[in-house]
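> Below is the structure I would like to discuss, written out as structure tokens.
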Amino acid sequence: MRNKITIMVLLAFFQFTGMFAQQQEVTGTVTVANDGMPLPGVNVLVKGTNEGTVTDMEGKYAIEVEEDAVLVFSSLGFERQEQAVNGRSMVNVTLVENLEGLDEVVVTSFGIEQEKKSLGYSVQEINAEEITKTKQQNVVSALQGQAAGVQITNSGGAPGQSARIIIRGVNSLDPNADNQPLFVVDGVPIDNSTTESEGTPRGLTNRAADINPNDIESLNVLKGAAATALYGVRAANGAVIITTKKGKEGQVRINLNSSIGFEDINRYPKFQEVYGQGFSGEYNPDSFWPNWGPSMEEINAIDPDVRFYDIWRDAFDTGVQIDNSLSISGGNEKATFYGSLGNLSHEGIMPFSDWNRTSARLNGQVKFSEKFTFSGNLNYTISGGNRVPHDRFMERMMYWAPNHDVTDYINPDGTMKTYSNTNPLYDARFSTFEDEVNRTIGNFKFTYSPFDWLDINYLIGTDYYSESRTEITPGPLGIDGEVPLSSTGSISETSIESRDINSNFFITLSKDWTEKFGSTLRIGNDVFERNYERFDASGTDFVIPQFYDLSYTNQISNSQDKRKKRLVGLYGDLMLSYDDMLFLNITARNDWTSTLPIGNNSFFYPSVNVGWVFSEVIETPEFLNFGKIRASWAQVGKDTDPYLIGQTYTSPDVYPLNGQVGFTRFSRFGDPLLKPEETTSIEFGTDLRLFENRLGIDFTWYKSNSKDQIIPVPVSESVGFSTFVTNAGEIKNKGVEFIVRGTPVRTEDFTWDVSLNAAYNKNEVVNIREGIDEIVVGSQFGYAGSRVTMKLIEGEAYGNIFGSSYERFGADENSIFLNEGLPIVIGENGFPVRNGAQLVLGNTTPKWIGGLKNDFSYKGFDLSFLIDFRTGLEQYSQYDNFFAAFGIAEYTLARNDTRVFNGVLADGSPNTQEVWLGQGEGPDGRDYGAGFYRNTYRTVSENFVSDASFIKLRNISLGYNFQENILKVLPFNSARVSVAANNIILYTPWDGFDPESFSAGAGGNAVGFTGLGYPGVQSFFFTLNLGL
Amino acid sequence: MNFLKNKYTYLVISGLFMFSSCEDYLDINDDPNNPTEAPISALTVNSTFETAQNTFRMGNITTNYVQHLASPNPASASDVMDPVSYSGTWSNMYNVMTDLSDLINQASETGANHYQGIGQILMALNLGMTVDAWGSIPYSDGLDFQTITPSYDGDIELYQEILRLLDEGLVNLSNTTEISVGEDDFIYEGDISKWMKLGNMLKARYLNHYSETDSYDPTAVLAALDDGMESNEDDAQVEYFPEEFNPWADVAIDNADLLLGGWISEQFIESMDGTLYGVQDPRLPYMVGATDDGEYIGVENGAGRGNAPEQGARSVLEPDDFYTGEQSPILIATYFEQKFIEAEAAFNIDKSRSYQAYLTAIRAHMTKLGVEPAEIDAYITNPEVSMGESAFTMDEIFKEKWIAMFLHPEAWVDARRYDYSYEDFDLPANVNPDLNGEFISRLAYPDSEVSRNGSNVPDVSLTDKIFWDN
């Protein structure tokens, strides 16, 4: 009965409230889906109205609504959610984190956070997890395959070896230019240069690798000039904006991350294992020639004890890397902090090569009042290692006869054990090169907000490092009968000091003029100074064997280089927004630089970009949730290096002689009227989200022209200089970028996310100053006229490789391209004819690059893999040139074959002459000298330039997050174990070591040459993360 | 609000301050590493040293053409007279001429007449070496950066310039000087009388190059010689240093370390071991190395070493001979060369003087090498050498000069003037077929020049002759 009454009363009550326009109060709590924590500051809006509220500190809200209302819950970084009230009085909501959501906030210039949808240009953000998952110790490598239009190339597999990053193609004709983007950490630019070793290559580090990837919260790639216009000259090649982790309010969190990895060579060339030491098929156990002897069968007939060692596998170790890092973070309303310690130790596959990094970071923020906050970041890193001269190591490997055990390299008295050639391992062990970098990166940021429409910011940062390098080549040990590495021995000491200071003051004025129309104006001043000093001292001829000190050498020479550069900029940035759907952004900047002649050193450049969220305005099909188009036009000016203007004298290294120091006119002359470079770029793009945001498509088209390029133009030496630094050309890049993201499956337990990015870039050297036919970017040795050269020619793309080829019948004499389709001309001797004229054999810039990422999660398990690819590029294999010359390559097994070369004679008739490929007297009684591979094959560059495309499994990782029920019994808040593998080549047409390795290092532009580079490696990792 | 006003005032003031000081703040672009001026003394150090280096460099290019040396590898480009791009040497020649141009200008401004004279003589010498190798080259448009694409001056005009420079140099050397030359002169250590002898000797050298032309004036050659060198003491040479070895010594050391180079031509060995001329030349062991068996065996130019191993079976430049000691001198211009010039110029005027000059030249060279006096006498008195004035021909002068000018670029000038008519002197094996059976007459313009100044580079082939070569 009672129940009945209650029901009736209730019914009546509902009637009653219904009569009062059915208003009711709805309360509830908003929590975060994955950890159940309450979420403050969530916007709760009644759909179709302007009414709404926000959640409080406990994530609670209360709102009066109509009973049929629909509530919209939204918060930055979370997926929007709609809930129909349907008469409920309590609506609890869990929001799902979505870092790539519609209301995504991205960090742009100067650490300014902006809503992604308001931007008129393309940016791509990579989050902490995506970075650490790659297990890359170098932050540049961690970006591989993750961002459209961003090409990352590891220069090799050495511990700490540099990685090169190029965004939307090479923008500079200057062979020495740095075409890499600016790196910015917490709003302050840092140095990412790579200073390679003098002399033999050793694979040094790009300085961004001093950052511990575990400290990174997010990483943004700003690609075009529009995105970087505020940074000005220094970001003319784009910018990588790194934000490090900050403490959060609440309890103190401790995270421990520990991982161990093992690595080995990911791909070997094909070697022959039949022919041993000697020349002309004659066995000689002391011969210089490692592989031109007879077959092992014949050798064993002479000496049954001789073995054929697999020296190419014996010589290498399994690399090991151990990475430990610990972080502590926390804070309260007034102050937050994040501190971390990290140590990485890495031993490479090449014996005695290693690299270590120890870093400490402290980030803190203090809120003195509602109006004034102060934050500071400090990072201290020690990094360095022993850099084995990989190029020389591999060259010595070439000469080492496989009939001798390469690992048996030392005699008990410490001298080298050898049959006569230098042992590569002995050299690697004793010819040391150790570097140590001590680096401090820090900044302070003050924010004063006297009114809600005014922010005053001052950001000052420094990046200081000192680096010492010691290179030792031992002389004789003073023991009878030894084969020394050098007849004198030498030592060189290098000390580099670099200090950057950045000061940035800016005022932000924001006002919402009406409900729909808002504006933000930012004006600021930016000052940059770099002070760089380098000292080199070297000594040769040690006085005491094995006592390696500069003071105890007989000849000492030294040199010094000091550089200072300053840059002052003033900028303004106006952002207008209308109704959350139309955004206009205009920027302007003027720079004054110390490196250009006074009078030409001030330059102004503007940019404008528009974003229009059309899906808010026009009727769109049901499946389209969000649609935006964007357009931008921007200019960026660019200065140059210090001290390029005018004429100077220099003293060649050979002096002093007889106590006299000679001087000569320095070979470079800088145009006294040098003016800044100017890059103009336009970009159009669209961002579409479909099917409940389960599918996202982002497309960008861009074009950029850089003119008045400052180039050290090589000029006729007869004018008194060999280079003239002047404004001398224009280069153009245009291309498209696609990003497709999707969530094919999303259930409570199982999620599958997939993302694909691909980019196409086309480059053209538009013009080079009159009187100059070509600009040589670099060249690499090949035996007997097979040297290749990378040259820039007007009208052609960046990166063409020129070299010798086989003569082609009917080839167009005026064409600079090799026409491989034509028949090869065979000479009267029956062998293909070599054409020494330098023709284009390929291009080193990939046409397409991209990556495919898949993430699966099922309950506590997650599996992800990242595949990346590059295609449409060729590369010169110096390795193969040596393999051919020394009879190491598998194809030289044909050395005793008789063959009729496919081709035509000079008169066009088919070749029918049979020839022998071997050395000395052939079966036909003819003397073939050094044989086909040495006489012909190794002399033709064409044989060594080939397709260097690849598809790689950049990373695959499987992880398990311990679930609530287990964590309950463990002293941890979170625990995760994972296994991962890296850099596995899935496909490549290339025959050789990993085609990714190249010899120039990240700082160089002659990227299409392998050199005898450090081979690429594949790695396997085991990782444990614990959270307290 | 007062506070805010102040704040803006501060901003404006600091802004203004920033602009006014901006110019000074940015005026830091003077290179602290390289000075904008160099003292003439420092330019002299480098110019004298580099002139010796250039003599080596040109010699290193031409020595296979004159078959002093031969490549150990078959069909090596320099051996078979292929077009080779000698960008490096081209650049080195101009480096020195550029510095000399600065030296001459600076010396003239300061009244340092002796420096100016030395500069002019060295300029003539380097210009001469360059013209003799390439023919027409940029000069009047060059050196002082008037254009990035300088035009080429004709070889005939450049020879007039060489002679003018020598004459002017001699005048300047005979004048008093504001600043004296000293240890900064690596050739004569400031001995101006020797510089004047060198100036005259070079005048004779370049005038004598006209031998095959209508303008040849042997009396002028002899007149210049009269004020030339008087003994080996007057030789223009640079002795090398403990810190910097003689570059031929480096070739020999490299070869011993199996970086092959400096192998002796069969032609050279056979010209000295009695095969071709019926007299054994005692200079051979002073100049080149023997095999492990103590024999002297050369390599045929263009053919390579065949089955010979890298070491021990052929004659090579070996460390520590006269030309290959670590501190051996590089000979730039010598008394014995002058005597051969005298022999040639006097041949049709005063044959007796010619014959005596020829014999003196041989003796001077042998003495220079340190050959035992008894061996010298034995050689010179051999009838193959001392055939007597009447039997004496121009062939003997050229043959003996060819041996004495071992590794020196002048040997190629002589070979071309003499049309390579040495005994049994054949084209190399595997010779460049584009030469159509002729010997090489000039170097190809280097790739760097073709690439950087292509429109001005003359269109010539390797068989087109320098003006003095007919």
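> Alpha carbon centre of region A:394-429 versus region A:625-697: separation in Å?
45 Å
> Determine the shape class of region B:100-231: with a ≥ b ≥ c the square roots of the Cα gyration tensor eigenvalues, call it rounded for a/c under 1.5, and otherwise prolate if a/b is greater than b/c, oblate otherwise.
Note, shape of region B:100-231 comes out oblate.
> Then there's this: Share of Cα-Cα pairs in chain A beyond 40 Å, in percent? Mind showing how you got there, number by number?
Working: 264193 of 527878 pairs.
Tail of P(r) above 40 Å: 50 percent of Cα pairs.
> In sequence order, what are the phi-derived ³J(HN,Hα) couplings for region A:548-563 according to the Karplus relation 6.51 cos²θ - 1.76 cosθ + 1.60 with θ = phi - 60°, rounded to whole Hz, with x for glycine and proline?
Here the 3J(HN,Hα) series is 9, 9, 3, 5, 9, 10, 7, 10, 10, 9, 8, 8, 9, 9, 10, 9 Hz.
> Related question: Could you give the angle, 0 to 90 degrees to the nearest 10, between helix A:2-19's Cα long axis and the longest principal axis of the Cα atoms of chain A?
The angle comes out near 80 degrees.
> In whole Hz and in residue order, list the ³J(HN,Hα) couplings for region A:373-380 that follow from phi through the Karplus curve 6.51 cos²θ - 1.76 cosθ + 1.60, θ = phi - 60°; x for Gly and Pro.
10, 9, 9, x, 10, 9, 10, 10
> Additional query: Calculate for chain A the 222 nm mean residue ellipticity that helices alone would give, adding -39,500 (n - 2.57) per DSSP H run of length 4 or more and normalising by residue count, nearest 500 deg cm²/dmol.
Taken over chain A, the calculation gives -2000 deg cm²/dmol.
> Okay, next question. At a threshold of 8 angstrom on Cα-Cα distance, excluding pairs fewer than six apart, so keeping six or more, what relative contact order does chain A reach in percent?
Details: 2954 pairs, mean separation 112.7, N = 1028.
Computed value for chain A: 11 percent relative contact order.
> Using +1 at the C-beta of Lys and Arg and -1 at the C-beta of Asp and Glu, which of B:G88, B:I349, B:A204 has the Cα lying farthest in the positive direction of the dipole of chain B?
Among B:G88, B:I349, B:A204, the one farthest towards the positive end of the dipole of chain B is B:G88.
> If amide H atoms are built 1.01 Å from N in the plane of the peptide, which residues on other chains or at least 5 residues away come under 5 Å of the amide H of A:K675?
A:N727
> Rg and Dmax of region A:378-497 over Cα atoms: what are they, in angstrom?
Answer for region A:378-497, Rg first and Dmax second: 24.6, 84 Å.
> Next up: Taking the Cα centre of region B:147-302 as origin, sum charge times position over the Cβ atoms of Lys and Arg (+1) and Asp and Glu (-1), and report the length of that vector in debye to the nearest 20.
Approximately 420 debye in magnitude.
> Which whole-angstrom value gives the distance between the alpha carbon centres of region A:307-369 and region A:725-758?
So the separation of the two Cα centres works out to 29 Å.
> If you don't mind, there's one more thing I want to ask. Over the whole of B:88-96, what's the average partner chain Cβ count within 10 Å per residue? Rounded to a whole number, please.
Averaged over the peptide's residues, the number is 3.
> Could you give each residue of region A:961-966 its phi-based ³J(HN,Hα) in whole Hz, using Karplus coefficients 6.51, -1.76, 1.60 with θ = phi - 60°, and x for Gly or Pro?
9, 4, 8, 2, 5, 7
> Place +1 on the Cβ of every Lys and Arg and -1 on the Cβ of every Asp and Glu in chain A, take the dipole about the Cα centre, and give the residue among A:M790, A:P832, A:Y578 whose Cα lies farthest towards its positive end.
Of A:M790, A:P832, A:Y578, it is A:Y578.
> Would you grab the residues whose amide H sits under 5 Å from the one on A:N955? Only those 5+ places off in sequence or on another chain, please, with H modelled 1.01 Å from N.
The answer is A:L866, A:N983.
> Among A:K47/A:K511; A:K116/A:K511; A:K245/A:K675; A:K707/A:K791; A:K248/A:K628, which pairs are too far apart, with a Cα-Cα distance over 29 Å?
Values: A:K47/A:K511 25 Å; A:K116/A:K511 19 Å; A:K245/A:K675 41 Å; A:K707/A:K791 19 Å; A:K248/A:K628 33 Å.
Where the Cα-Cα span goes over 29 Å, the pairs concerned are A:K245/A:K675; A:K248/A:K628.
> For region A:672-800, take the alpha-carbon Rg, divide it by the Kirkwood Rh, and send me Rg/Rh.
Result for region A:672-800 is an Rg/Rh of 1.22.
> Please give the Cα centre distance for region A:461-508 versus region B:426-470, rounded to the nearest Å.
46 Å
> Among A:L182, A:V91, A:T407, pick out the residue whose Cα is farthest towards the positive end of the charge dipole of chain A, where Lys and Arg carry +1 and Asp and Glu carry -1 on C-beta, about the Cα centre.
A:V91
> Skipping prolines and chain starts, which residues have an amide H placed within reach, meaning under 5 Å, of the one on A:V776, given they are 5 or more residues away or on another chain?
For A:V776, the qualifying residues are A:L792.
> Where does helix A:390-399 land angle-wise versus the long Cα axis of chain A, in degrees 0 to 90, nearest 10?
Helix A:390-399 sits roughly 40 degrees off the main axis of chain A.
> Between 0 and 90 degrees, rounded to the nearest ten: what's the tilt of helix B:351-369 against the longest Cα principal axis of chain B?
Orientation of helix B:351-369: about 70 degrees from the principal axis.
> How would you order A:428-435, A:705-712, B:420-427 from highest to lowest mean count of nearby Cβ atoms within 10 Å?
Highest-to-lowest ranking by the protection proxy: A:705-712, A:428-435, B:420-427.
> Could I ask something else about it? Please quote Rg/Rh for region A:725-839 to two decimal places, taking the Kirkwood radius as Rh and restricting both calculations to Cα atoms.
On the way: Rg = 22.6 Å, Rh = 18.4 Å.
Rounded to two decimals, Rg/Rh equals 1.23.
> Net charge within 14 Å of A:N411 by Cβ-Cβ distance, Lys/Arg positive one each and Asp/Glu negative one each, not counting A:N411 itself?
Summing Lys/Arg as +1 and Asp/Glu as -1 gives -3.
> Jot down the radius of gyration and Dmax of chain B, Cα atoms only, both in angstrom.
Cα radius of gyration and Dmax of chain B are 26.3, 117 Å respectively.
A short reminder: the numbers here are calculations on the coordinates, not readings from a lab. No experiment lies behind these values; they were computed from the predicted model shown. Note that each Cβ is placed from the backbone with ideal geometry, even for glycine, and that neighbours are counted across all protein chains shown.
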